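Colleague: Below: one structure in structure tokens.
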Amino acid sequence: MCEAGASDRENTGPAFSALLEDSAEDLYENAPCGYFSTLLDGTIAKINGTLLAWLGHERDEIVGRRRFSDLLTVGGRLYHETHFAPLLRMQGELGGVAFEMKTAGGARLPVLVTSTVKTGSDGEAQLIRTTVFDASDRRAYEQELLRTRDEAERERDRVQRLARTLQQTLLPPALAEVPGMRVAAYYHPASADQVGGDFYDLFPVTGDTWGFFLGDVSGKGAAAAVVTSLARYTLRAAAVHDPDPTVALGTLNTVLNRQFHGTDPRYCTVIHGRIRPHGDSATVTLAGGGHPPALLIRAGGTTFLPLPGGQLVGALPGARFAAVDVRLEPGDTVLLYTDGLTEARTRGRTRYSEEQLRDDLTGLAPTTAPAVVEAVTALLAGFGDGVEDDTALLAFSIPLPGGDQP
């Protein structure tokens, strides 16, 4: 206790007190910031040694000879005359305004300026007092932030270009033409930064048969792209080898289940089928593997084409798949879609359901594949940020006689 008391007395003794007795003039001259006072016309009447040292000027070069605006860059002088000075006259005080001052050697010194108008007892303005803070470190920090932001934006642009390029390789450059039918497709990416796992294709199998598929791989990014590429080429090869779409899905199931198992299982949902045109109609065979049902839009009503029993592709070693045949007549359209559409949020809250999709498209019949895809594309655009997952669309139709449909 005694030692502590002695130490406290030493800290409040004459030696310590002497350190606190700097004169006001010394505090002004050697302050850690710049000070100057100007007459109302801007002529500098007083300036401290700190600011003179920063600028590299002698006192007699400045006092009574220069105005504040004379020490600023060209842009700074313009801003001072058009903004700073008028606002200071109106408000009486301005704080934290950024300027660049010129040093004697021609360099630029970034500063933050705070000015206050001093008034007399009669309320009339007498002079202007200004405090100047060196903002060099702040400017360097801001420039580093800008540089980092620019680098991040360039990196994001690079990632987005790479994602777009990779996505394009996973989609067909063009759809095959099926005699007597209209076909259309669309891909809506939910994110510009990641590759999605949705895929589709339409291709000739034999002289009078065309194969098609539309699917959705679990996950996103490069890992999903690997599965997507494998699924596309496996299905195309299997479709040529065997005419039964359920066999092709079984082949894909075996490939995925063997390739991706253990700690990183990969699977997908798929609708795969065949189109056989004949005259002014066509027979479509659809096989489903855990995918949302296709939508059949007819003049007599819009219905789903359920595929009971179809399981996820790649999830189980012995998955089962089901198929149905449907006959398309003039005016009929089949729409395939991924769940990015039916899981989108409307008004930021409610999920858009398959039933809502059916109701929204019912009024289009009789219609064509391009018209249906255009209508669904407009729906997606209306959802805005509510579309949280990629969406792929594939549609085909038999046009009415006359060919005047869109």
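A short reminder: the numbers here are calculations on the coordinates, not readings from a lab. Every value quoted in this text rests on a predicted model; they were computed, and no experiment measured them. Cβ sites come from the backbone with ideal geometry, for glycine too, and all protein chains shown count toward neighbours.
Colleague: Between exposed GluC sites (Glu not before Pro) in the chain, where DSSP calls loop and at most 14 other Cβ atoms lie within 10 Å, what's the longest gap? Walk me through the intermediate numbers first.
Modeller: Working: sites that count: 21, 58, 124, 177, 388.
So the longest stretch without any such site is 178-387.
Colleague: Add +1 for every Lys or Arg and -1 for every Asp or Glu among the other residues with Cβ under 9 Å from the Cβ of residue 390, and state the total. Don't skip to the end; give the middle numbers.
Modeller: Numbers: positive: 220; negative: 198, 216, 389.
Overall, the nearby charge balance is -2.
Colleague: Here is a follow-up. Please give the contour-minus-distance gain from residue 126 to residue 327: 0.36 nm per residue of separation, less the Cα-Cα distance, rounded to one decimal in nm. Working shown, then result.
Modeller: On the way: separation 201, 0.36 × 201 = 72.36 nm, distance 9.49 nm.
Between residue 126 and residue 327, full extension yields an extra 62.9 nm.
Colleague: Then there is this: Assuming a ≥ b ≥ c are the square roots of the Cα gyration tensor eigenvalues, decide whether the range 50-149 counts as rounded (a/c under 1.5), prolate (otherwise, with a/b larger than b/c) or oblate.
Modeller: Numbers: a/c = 2.17, a/b = 1.40, b/c = 1.55.
It comes out oblate by the Cα gyration axes.
Colleague: With helices defined as uninterrupted DSSP H runs, which ones in the chain have an alpha carbon span along their own long axis of at least 24 Å and mean Kyte-Doolittle hydropathy of at least -0.5?
Modeller: Values: long enough: 136-169 (50 Å, -1.82); 221-241 (30 Å, 0.88).
Those that pass (Cα extent of 24 Å or more, hydropathy at least -0.5) are 221-241.
Colleague: HN-Hα J couplings of the range 107-118 from phi, Karplus 6.51/-1.76/1.60, θ = phi - 60°, integer Hz, Gly and Pro as x?
Modeller: Once θ is set to phi - 60°, the couplings for the range 107-118 become 6, 9, 10, x, 9, 10, 10, 10, 10, 9, 7, 8 Hz.
Colleague: Let me ask something else about it. Quote to one decimal, in nm, the extra length available between residue 108 and residue 90 on full extension: 0.36 nm per residue of separation minus the C-alpha distance between them.
Modeller: Numbers: separation 18, 0.36 × 18 = 6.48 nm, distance 2.90 nm.
Gain in length upon complete extension: 3.6 nm.
Colleague: Would you list, by chain and number, the lysines whose Cα falls below 27 Å from the Cα of residue 46, excluding same-chain residues fewer than 8 positions away?
Modeller: Residue 46 reaches 102, 118.
Colleague: Reported to two decimal places, what Rg/Rh ratio describes the chain when computed on Cα atoms with Rh from the Kirkwood expression? Present the calculation step by step, with values, prior to reporting the outcome.
Modeller: Values: Rg = 37.9 Å, Rh = 27.8 Å.
Here the Rg-to-Rh quotient is 1.36.
Colleague: Which value in deg cm²/dmol, rounded to the nearest 500, describes the helix-derived mean residue ellipticity at 222 nm for the chain, given -39,500 (n - 2.57) per DSSP H run of n ≥ 4 and division by the residue count? Let's see the in-between values first.
Modeller: Numbers: 13 runs with 144 residues, N = 406.
Computed ellipticity for the chain at 222 nm equals -11000 deg cm²/dmol.
Colleague: Under unit Cβ charges (Lys, Arg +1; Asp, Glu -1), what dipole magnitude, rounded to 20 debye, does the chain have relative to its Cα centre? Provide the component values of the computation, followed by the final result.
Modeller: Values: 37 positive and 52 negative charges, 207 e Å.
Rounded to the nearest 20 debye, it is 1000 debye.
Colleague: In whole Hz, with x marking every Gly and Pro, tabulate ³J(HN,Hα) for the range 126-133 from phi via Karplus 6.51 cos²θ - 1.76 cosθ + 1.60, θ = phi - 60°.
Modeller: These are the phi-based 3J(HN,Hα) values: 10, 7, 10, 9, 10, 10, 10, 10 Hz.
Colleague: Suppose each label sits 7 Å from its Cα in the direction of the beta carbon; what would the residue 59-residue 142 distance come out to in nanometres?
Modeller: 3.3
Colleague: Can you compute 3J(HN,Hα) from phi for each residue in the range 60-69, using the Karplus curve 6.51 cos²θ - 1.76 cosθ + 1.60 with θ = phi - 60°, rounded to whole Hz and x for Gly and Pro?
Modeller: Using θ = phi - 60°, the values come out as 6, 7, 10, 5, x, 10, 10, 9, 4, 5 Hz.
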